[in-house]
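Every read-out reported here was derived from the displayed coordinates using simple, explicitly stated rules and does not represent laboratory data. This one's a predicted model, so the numbers in the text were calculated from it and none came from an experiment. Positions of Cβ are generated from backbone atoms using ideal geometry, with glycine treated the same way; all protein chains shown enter the neighbour counts.
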Amino acid sequence: MKRNIYILIIILLLTSCGGSKKVTESASPYQRKPIVEVSEAELKVDAAQIDATTQMMIGHLTEAVDQYRKILKDNPDYASAHFEIGRIYLGSGWLDSALYHLREAVRLDNRNVWYQQQLAKVYERRHDMKNFTATHEEIVKQHPDVVDYYYDLSNAYLEAENVPASIEVLNRLEKRYGVTETVSLQKQRLWQLIDKPDKARAELERLAEAIPGGERYNAILAESYMAEKNYAKALQYYERILSTTPNDENIHISIASCYLAMKNYAKVYEHIRLGVSHPGVDCKDKLNYLTEFLRDKKFFTTYSRACFLLADTLAQQCSDSKELALVYGKMLAAQSRYSEAAKQFLSYLEADKNAYPVWESLLMCESATPESTELLLEHAKKASDLFPLQVYPYFILAKCHLDTGDCENARHYIERCIMLAPNDSEVAKLNQTIKQQCP
């Protein structure tokens with residue numbers, strides 16, 4: 001009996017000691033928390049808050065506002081009630097009432113960013129840009145480590161048509177976190193917006209230097225200088241890209257364009273050859289590049305032979321395709337190699353007979369080749385059958401029949417030409433010749 005009493009005393013002592021200990025963060029998560037007494041007034045407010053929120057969620061906004069007002073009647077410093085009423089009024093377009101309640105919410109809890117953001121929306125809707133930007137400034141001041149708030153502030157100044165202030169906010173962000181792609185590109189766009197191309201370009205230059213392998217920005221800068229006809233400066237940025245990607249075919253094409261503008265034709269050919277010889281370039285594109293560069297008369301005069309030899313080599317290396325045939329045919333025609341060009345155009349038409357411009361190119365090439373009269377007649381007849389409203393095939397037929405002494409057909413086809421193109425001077429001239437030779 002005495003032993004049992006001792007055990008009971010020990011248990012009571014242990015229980016009282018455990019109950020006197022302060023609950024710490026390391027306590028078991030399953031440990032029951034101490035019961036906190038809640039006053040009747042607090043329970044009443046909680047019930048009203050739940051009811052108001054429910055009314056708001058089901059779209060009964062008037063009833064929700066009434067409930068929040070009941071809370072404020074007994075608890076005028078209840079910031080959440082002011083906030084919810086302000087939100088409802090803002091959504092309903094009652095800006096003055098929304099402004100009052102959201103100001104009160106911020107006054108009572110000026111660290112709550114949600115309250116401040118809603119207040120800023122009211123200022124925005126009221127076109128009060130001074131307070132709109134000031135509210136966003138306060139948010140950044142209180143939360144200097146949140147990047148999104150800087151963007152919101154920059155956009156607020158932009159909406160207030162204060163572009164320099166918008167850029168200055170991004171400078172603050174950049175000073176805090178260093179050069180970033182997003183910030184630099186936004187600053188570049190803003191400088192362009194206020195017609196400051198030098199400052200816009202400076203942003204890209206800093207970005208190109210800050211980001212390893214920033215070929216993209218070097219390319220943008222090069223194109224920018226090309227547009228301004230500052231070719232020497234553009235070449236510097238192209239050379240930067242070339243130093244890191246020497247086997248990029250596109251950079252060789254770009255550098256060739258730059259040298260063409262600088263009239264350094266030897267360098268043009270050097271880089272165009274490297275560009276079009278790259279296996280990654282499509283055959284059609286290779287010949288298109290060459291054709292484009294040959295449009296420059298001085299480059300054509302000096303390097304046309306070398307370019308056409310290069311084109312011949314490329315064409316032999318490429319697999320047959322109608323697109324390749326068309327481009328190569330045009331190149332051969334430009335070099336007055338009409339028989340070879342005609343073969344390329346025929347190759348194209350075998351795959352697509354409905355391309356009238358190619359028929360016309362074919363007829364022009366065959367017209368320049370005296371030995372192909374029979375083929376010319378055959379192809380002109382096919383073209384006229386396929387395209388009965390086009391003048392040129394009838395013109396060729398009339399001329400060919402005149403040359404072979406077939407006056408009847410010559411008159412027949414020239415009449416078709418006159419019907420389709422009564423004011424064409426070449427048609428009128430051929431008609432006069434037919435009248436003279438076929439009385």
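Quick notes
- When each of the peptides 404-410, 307-313 is scored by the mean number of other C-beta atoms lying within 10 Å of its residues, the order from highest to lowest reads 307-313, 404-410.
- In this structure, Ala266 and Glu340 have a Cβ-Cβ separation that, at R0 = 41 Å, corresponds to a calculated FRET efficiency of about 0.90.
- Unit charges at the beta carbon, dipole of region 133-238: most positive-side option, Ala232, His136, Ala160: Ala232
- The dipole here belongs to the chain: it is taken about the Cα centre, uses +1 on the Cβ of Lys and Arg and -1 on the Cβ of Asp and Glu, and is about 1220 debye.
- Note that region 237-317, at 20 °C in a medium of 1.002 mPa s, gets a Stokes-Einstein diffusion coefficient of 170 µm²/s from its Kirkwood radius over C-alpha pairs.
- Cα-centre dipole for region 206-317 with unit charges at Cβ (Lys and Arg positive, Asp and Glu negative), debye to 20: 400 debye
- Label-to-label distance for Thr53 and Glu323 is 6.1 nm, based on points extended 7 Å past Cα in the beta-carbon direction.
- Calculated FRET efficiency, Asp96 to Asp195, Cβ-Cβ distance, R0 = 41 Å: about 0.55 to the nearest 0.05.
- Exceedance of the 32 Å cut-off in Cα-Cα distance is limited, within the set Lys130/Lys199; Lys229/Lys286; Lys322/Lys399; Lys175/Lys267; Lys322/Lys435; Lys343/Lys399, to Lys175/Lys267; Lys322/Lys435.
- If the chain linking Tyr151 and Ala202 were pulled fully straight, counting 0.36 nm for each residue of separation and taking away their Cα-Cα distance, it would gain 16.3 nm.
- Placing unit charges on the Cβ atoms of the charged side chains and taking the dipole of the chain about its Cα centre, the candidate lying farthest along the positive direction among Ala81, Phe395, Leu190 is Ala81.
- Here each label is just a point 7 Å from Cα along the line to Cβ, and for Asp403 and Leu185 those points are 5.9 nm apart.
- Here the alpha carbons of the chain define both size measures, Rg and Dmax, at 41.5, 155 Å.
- Between 0 and 90 degrees, the angle of helix 407-420 with respect to the longest Cα principal axis of the chain falls at about 30 degrees.
- Rounded to the nearest 20 debye, the dipole magnitude of region 89-196 is 120 debye, with +1 charges on Lys and Arg beta carbons, -1 on Asp and Glu beta carbons, and the Cα centre as origin.
- Selection from Leu274, Thr433, Cys307 lying farthest towards where the dipole of the chain points positive, charges on Cβ: Leu274
- The string of couplings for region 77-94 from the Karplus curve (6.51, -1.76, 1.60, θ = phi - 60°) is 9, 7, 4, 4, 5, 4, 4, 5, 4, x, 4, 5, 5, 5, x, 8, x, 8 Hz, one whole number per residue in order, with x for Gly and Pro.
- Projected label distance in nm at Asp109 and Glu159, using a 7 Å step from Cα toward the beta-carbon: 2.3 nm
- Extension gain for Glu228 to Asp352 (0.36 nm times residue separation, less C-alpha to C-alpha distance): 40.4 nm.
- Protection proxy ranking of 346-352, 422-428, by the mean of other Cβ atoms within 10 Å over each peptide's residues and highest first, is 346-352, 422-428.
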